[in-house]
Amino acid sequence: MNNFETVAKVLAEYKEIDPSEIKMETTFEELGFDSLDIVEIIMNLEEAFDLELEMHESLVDVKSLISYIESLQAKA
Amino acid sequence: MSFSILSTGRALPKTVLTNEELCSFVDTTDEWIRSRTGIGQRHICMEESLTDLAAEAARRAMASAGVGAGDLDLILCATISSDYITPSLACTVQEAIGASCPAFDVSAACPGFLFALDVADGYFARGRAKRILVIAAEAMSRLMDWRDRSTCVLFGDGAGAVVLGPGEGLRSLSIRTQGRTNVLYVPAARGNLPGRAQGPESYAVMDGQEVFKFAVTAMCRGLRGSIRDAGLSEADIDWVLPHQANMRIIEFAMSKMKIPPERFLINIERLANTSAACIPILLDESREQGKLKKGDLLAMCAFGAGLTSASAVIRWEID
C-alpha cells in the first residue's frame, strides 16, 4: 500500500465511507471533521505509519497530510 | 500491607448550569458543546464554599464507614481550586469536621485523587495510619474565564471522598509527570506591587488538541500498564473509571482497548469535568447505583495539567 492508499484507508475507516471517495484534493472540511476528529485521525495515522506526528494548522487536506508524512519519512 | 476502600461519599453544589443556560452569556450552543464534549450540564458553586462540599463528602464517607473524626490518622485533599491559597483545603476541612490529625493537600490537577491514593499507600506501607480520609474537591468554576467558550463549557464543581483502611484492595497504582506547562495551566495570583508588570489573570488556558492527544495516550497506556502491573488482563476488569474530561476522549480510548464499552462508567453528561473529583464522585455514584460488587476489579485512569497522569487497579472490598 502506498502512502496515499494508507491515508485514504485511515480516513475512510474513521469516516465509515469507501476509500475510493477519498481523493488527493479532499479537504478535512469536506469530510466534516472538527478539531478533535483531526487529532484522532493523526493518532490513527501514527499507528498506521509508525511515526510521531505533530498537530499543525497547515494540515487541512489529504495532500498536506501526505507531504507532511513524506517529509518525516525522508528524515527517518 | 496496603489499603482497601472502606467507604465513599460525594457532594455537589445545588446550582445546575445547563448548556442552554450557559448560552445566555457565552457565545456557544448546546449542540456544539454536546458534540465536542458529551456534556449537557454542570454543577456550580454559587453559595457553597469548596470546604462545604469537601466536608459534606467527607462526612458521608465517614458515616458510611462508621468512622468518627477522632479515628482519622490523616486527611489528604486533592485540589487545585481551594478556598484559600493558604491554608490548604485539608486544613479547612479538618476544622469543619472537627478532626485533629495531620492534614495536607496534594496538587496534581485532574489525577490528584490517584496521586493522593499513592501518598496514602505510603502511610499504610510504613504502618503510620489505620484510617485515612482522602478527599478530591474542585470549584473549577472559579478558575474559568467565562468569556473563553473553548474552556468554560468543559468544567464543573463537586467533591468526592473515600475512607481507607489497611487491606489488600489496591492491586496496582502508578503516577507519572511530564513537565509541560504551556499546553494547560492556570496562572497564580498576581499581587499588587506598584511598578511591577501585571502578569496574566488567573484563568485556565488550554491547547485543546495537544491535551486531547496526551489524554488519549495517557489513558490507554495508563490503563494497560496498571492492568499488567496487577497481573491481570483487560478481560478481567469489571469496571473502568476514566477521568471524565471529554466523552470524545473516553470513546476514542474505548476504541483502542479490549474492554467492552459498557464497562466504562460515565457521568460527564450531568457533571462535566470536576477535575480531581471526577473519579471519587463516579465511584460513589456507582456504589449507590448498586453496580459495584465485592471482588469487582476497578481500573481507574486520569490525566491533567503538569502534564500529570495516573492509573490504578483496585479491588472493591465493600459488600
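The values are calculated or read from the model by the stated rules, or taken from the named source; none is laboratory data. Keep in mind the model is a prediction, meaning the values are calculated, not measured. For neighbour counting, all protein chains shown are included, and Cβ atoms are generated from backbone atoms with ideal geometry for every residue, glycine included. Side chains are part of the model used for accessible areas, which takes the heavy atoms of the whole protein and leaves out ligands, DNA and RNA. Shrake-Rupley method; radii C 1.70, N 1.55, O 1.52, S 1.80 Å.
Computed over chain B, the per-residue total of -39500 (n - 2.57) for DSSP H runs of n ≥ 4 gives a 222 nm mean residue ellipticity of -9500 deg cm²/dmol, rounded to 500. For chain A, the per residue solvent-accessible surface stands at 58 Å², with DNA, RNA and ligands left out and a 1.4 Å probe.
Comparing the full protein assembly with the isolated chain (1.4 Å probe, heavy atoms, ligands and nucleic acids excluded), the residues of region B:199-221 losing at least 20 square angstrom of accessible area are B:Q209, B:E210, B:F212, B:K213. Over 23 Å apart at the Cα level, from the set B:K130/B:K291; B:K256/B:K293; B:K14/B:K213; A:K9/B:K213, are B:K130/B:K291; B:K256/B:K293; B:K14/B:K213.
With only Lys, Arg, Asp and Glu charged, each at its Cβ (+1 for the first two, -1 for the last two), find how big the charge dipole of the protein assembly as shown is about the Cα centre; round to the nearest 20 debye.
I would put it at about 1440 debye.
When the Cα positions of B:S233, B:A159, B:G222 are compared along the charge dipole of region B:149-258, B:G222 comes out farthest toward the positive end, with charges on each C-beta of Lys, Arg, Asp and Glu. For region A:1-69, rounded, prolate or oblate, judged on the Cα gyration tensor with a ≥ b ≥ c (square roots of eigenvalues), a/c < 1.5 rounded, else prolate if a/b > b/c? Verdict is rounded for region A:1-69. Each chain gives up part of its surface: B and A jointly bury about 1200 Å² of accessible area, both sides summed, for a 1.4 Å probe.
Ignoring any ligand, DNA or RNA, what whole percent of the accessible area of region B:1-110 comes from carbon and sulfur when the probe is 1.4 angstrom?
Carbon and sulfur together cover 52 percent of it.
Which is farthest toward the positive dipole end of the protein assembly as shown among B:G191, B:I97, B:I175, measuring Cα position about the Cα centre, with Cβ charges +1 (Lys, Arg) and -1 (Asp, Glu)? Towards the positive end, the residue furthest out is B:I97.
Test of understanding: express the Cα radius of gyration of region B:178-218 as a ratio to 2.2 N^0.38 Å, with N the residue count.
1.55
Could you tell me the center-to-center distance, by alpha carbons, between region B:237-290 and region B:36-97 in angstrom? For region B:237-290 versus region B:36-97, the Cα centre distance is 21 Å. Between the listed residues B:P87, B:L74, B:A136, the Cα displaced farthest toward the positive end of the dipole of region B:55-136, a dipole computed from Cβ unit charges relative to the Cα centre, is found at B:L74. Calculated over chain B, the projected area of the Cα convex hull averaged across directions stands at 16.2 nm².
Please say if region B:236-288 is rounded, prolate or oblate, where rounded means a/c under 1.5 for a ≥ b ≥ c the square roots of the C-alpha gyration tensor eigenvalues, and otherwise the choice is prolate for a/b larger than b/c and oblate otherwise? Here region B:236-288 falls in the oblate category.
With a 1.4 Å probe rolled over the protein heavy atoms of all chains, the accessible area of B:D83, B:D52 falls in the order B:D52, B:D83, largest first.
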